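Following: one structure in structure tokens, then a few remarks.
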Amino acid sequence: MAADILGNVVYKKRPLDGEFDAASGHSGLRALAGNDRSLVRAILGAALRHRGEISIILDRLLDRGIPEKTGRVLDILHVAIAQMLYLDIPDRAAVSLAVEHAGADRRARPYKGLVNGVLRRLGREREDVTADIDADTVNTPDWLMESWLAAYGAETAREIARAHQTEAALDLTVKSDPQGWAERLGGQIVGAGSVRLTRKGPVEAIEGFEDGEWWVQDAAAALPVHLLGDLRGVKAADLCAAPGGKTAQLAAAGAEVTAVDISKGRLKRLTENMARLGLTVRTIASDLRNFAPDEPFDAVLLDAPCGATGTIRRHPDLPWTKQAYDIEKLSEIQSDLLDRTVGWVKPGGVIVYCTCSLEPEEGEAQAAAFAERRAGQVRLEPIEASEVGGLGHLITETGYLRCLPCHEAGAGTDLKGMDGFFAARFRRL
Ligand SMILES: C[S@@+](CC[C@H](N)C(=O)[O-])C[C@H]1O[C@@H](n2cnc3c(N)ncnc32)[C@H](O)[C@@H]1O
């Protein structure tokens, strides 16, 4: 199953989360028990996070590479190596499963012996075969690494890539009393009052879920709403709102929220989330390119669609499903949507633009171009460290918010790691 899904992700560019969707995902997964599904997920996480290393190891083990039209041989090998090197699975179990799988696949069958030989050799010569691989850089496709090198320099680009090797912690945004919830759940405060937990297991089982006291949201993703200031009684538009992490923050802070999203399915999830949290918002299913509010808002939050390269720790498939071209296309949509927000906010009102991307085309460059295009209509309003939990290292010289996955998420602590995020704030003149 893992080999099959790996193929779907890498060659057919299907998102990993989509493959695990109960209704529309990989049909084989439905028949699996919960712990087996978790195992498939863990194998895929390891295979994707370490894909570059595994490819180098395979090059070293295969004298002449893998011939074409060998069915799933390559995916079978990737999945087996992920189990042998990065998961707590005994070699003999991973090898015999891989050999059995190759034997059961019509086109892979002739290579059953090769699969066996290659994997056994890895078992025997593990240290030699895995020596001198720069894991910090080889697990990122070149176009992405080059983008981070240009934007952040060699040292930070390497730290970003290293951060992607490990899974993200579980951050919660609570309706109120973060300190009290942190104590109750054994967590720590990060960001601007998020509660970080290190526990594993289903979130539904954590105290306060049933009562709608909190929702899952990365500490970085929770920061943009803080840039809108005091939200009590404020008419706020949450644009590109689903599944509603920021909608919930806006509503919990006392705003009168209109949440707009193009996807009816994702808006349904938003509505379910708001029901659990006991929060009331107005929802509109619309492409923002056809949207026209009855009257302008006091505050507009645009969490634009983006390449999402800031969320690779949670979505290790992203580097292998996205391409530079996707970022280019998305950045055109972002500037179109950003331009439209100017007409939807009252004079004196605030526009916050944000994306969960590491790419400057979707962040810094986008904000700078907007400020220039709309110089007579909007003014950049620099963000202060005090607005984002005192985390001064997240504020750029220009006054943008720039979070990286290698950043400290708490002041003066070793709480490393947060989603990559960008935000800029503008005031309508
Ligand atoms: C980054 S996600 C939003 C996450 C959300 N703000 C949150 O905090 O939970 C981007 C959203 O933009 C929506 N979207 C993409 N293109 C759109 C468009 N042209 N008009 C409206 N919504 C759009 C997608 O359906 C998706 O839900």
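Give the Rg/Rh ratio for the chain, taking Rg as the radius of gyration of the Cα atoms and Rh as the Kirkwood radius, to two decimals.
Values: Rg = 23.1 Å, Rh = 23.1 Å.
When Rh is taken as the Kirkwood radius, the ratio is 1.00.
At Arg184 and Ala371, where each label point lies 7 Å from the Cα along Cα→Cβ, what is the point-to-point distance in nanometres?
Distance between the two pseudo-spin positions: 4.1 nm.
Specify the angular offset, from 0 to 90 degrees and rounded to the nearest 10, of the alpha carbon long axis of helix 112-124 from the longest principal axis of the alpha carbons in the chain.
Taking the Cα atoms of the chain, the angle to 112-124 is about 80 degrees.
Considering only Thr198, Thr355, Thr280, give the residue with the highest GNM mean-square fluctuation for the chain, with springs between Cα atoms whenever their separation is below 10 Å.
Looking only at Thr198, Thr355, Thr280, the largest GNM fluctuation is found for Thr198.
What's the extension gain from Ala292 to Lys264 if we count 0.36 nm per residue and subtract their Cα-Cα distance? It would help to have the intermediate numbers written out before the result.
Working: separation 28, 0.36 × 28 = 10.08 nm, distance 1.79 nm.
Fully extending the segment from Ala292 to Lys264 adds 8.3 nm.
Between Arg379 and Ser55, what is 0.36 nm times their sequence separation minus the Cα-Cα distance? Round to one decimal in nm. Spell out each step's value before the answer.
On the way: separation 324, 0.36 × 324 = 116.64 nm, distance 4.84 nm.
Full extension from Arg379 to Ser55 adds 111.8 nm.
Which far-off residues, 5 or more places away or on another chain, put their amide H under 5 Å from the one on Val378, with H placed in the peptide plane?
The list, which skips near neighbours in sequence, is Leu429.
Which percent of the accessible heavy-atom area of region 329-429 goes to carbon and sulfur, probe 1.4 angstrom? Can you show the working numbers first?
Working: 1910 of 3730 Å².
Result for region 329-429: 51 percent of the exposed heavy-atom area is carbon or sulfur.
Is there a quick way to get the dipole size of the chain? I mean about its Cα centre, with the Cβ of Lys and Arg at +1 and of Asp and Glu at -1; what is the value in debye to the nearest 20? Can you show the working numbers first?
Numbers: 52 positive and 62 negative charges, 254 e Å.
Charge dipole of the chain: 1220 debye, to the nearest 20.
Whole-Hz ³J(HN,Hα) for each residue in region 167-180, computed from phi via Karplus 6.51 cos²θ - 1.76 cosθ + 1.60 with θ = phi - 60°, x for glycine and proline: what do you get?
6, 7, 6, 9, 9, 10, 9, 9, 5, 7, 6, x, 4, x
If amide hydrogens are placed 1.01 Å from N in the peptide plane, which non-local residues have theirs closer than 5 Å to the one on Phe297?
Under 5 Å from the amide H of Phe297: Val345, Lys346.
Carbon and sulfur together cover what percent of the accessible area of region 145-290 at a 1.4 Å probe radius?
Carbon and sulfur atoms account for 47 percent of the accessible area of region 145-290.
With springs only between Cα atoms under 10 Å, which of Ser24, Ser176, Ser147 fluctuates most in a Gaussian network model of the chain?
Ser24
Considering the dipole of region 334-377 built from charges on the beta carbon (Lys and Arg +1, Asp and Glu -1) around the Cα centre, which of Ala375, Gly349, Leu337 is farthest to its positive end?
Final value for the positive-end residue is Gly349.
So what J values fall out for region 196-211 if you push phi through Karplus, 6.51 cos²θ - 1.76 cosθ + 1.60 with θ = phi - 60°, rounded to Hz, Gly and Pro as x?
So the Karplus estimates, Gly and Pro as x, are 9, 10, 10, 5, 10, x, x, 5, 4, 8, 7, 3, x, 5, 4, 7 Hz.
Nearest 500 deg cm²/dmol is fine: what mean residue ellipticity at 222 nm does the chain get from its DSSP H runs of n ≥ 4 alone, each adding -39,500 (n - 2.57), divided by its residue count?
Details: 19 runs with 180 residues, N = 429.
It comes out at -12000 deg cm²/dmol, rounded to the nearest 500.
Quick one: of the DSSP bridges fully inside the chain, what percent are antiparallel, nearest 5?
Numbers: 23 of 42 bridges.
Rounded to the nearest five, the antiparallel share is 55 percent.
Any idea what the relative contact order of the chain is, in percent, if you count C-alpha pairs under 8 Å spaced at least 6 apart? Walk me through the numbers before you get to the answer.
Values: 760 pairs, mean separation 58.2, N = 429.
Dividing the mean separation by the residue count of the chain yields 14 percent.
Which residue, Leu48, Leu172, Leu74, has the most motion in a Gaussian network model of the chain that connects Cα atoms within less than 10 Å?
Its mean-square fluctuation being the largest, the pick is Leu74.
Which of Ala308, Ala182, Ser286 sits closest to the plus end of the dipole of the chain, meaning its Cα is farthest towards the positive end, when Lys and Arg get +1 and Asp and Glu get -1 on the C-beta?
Of Ala308, Ala182, Ser286, it is Ser286.
At 1.4 Å probe size, with every protein chain present, just tell me what the per residue accessible area of the chain comes to in Å².
Numbers: 19210 Å² over 429 residues.
Solvent-accessible surface per residue comes out at 45 Å².
Non-local amide H neighbours of Leu170 (under 5 Å, H modeled in plane, Pro and chain starts lacking H): which ones?
Leu197
The values are calculated or read from the model by the stated rules, or taken from the named source; none is laboratory data. Everything quoted here is computed from the prediction, not taken from an experiment. As a convention, Cβ positions derive from the backbone with ideal geometry for all residues, glycine included, and neighbour counts pool all protein chains shown. Calculation scope for accessible area: heavy atoms of the full protein, side chains included, ligands and nucleic acids excluded. Shrake-Rupley method; radii C 1.70, N 1.55, O 1.52, S 1.80 Å.
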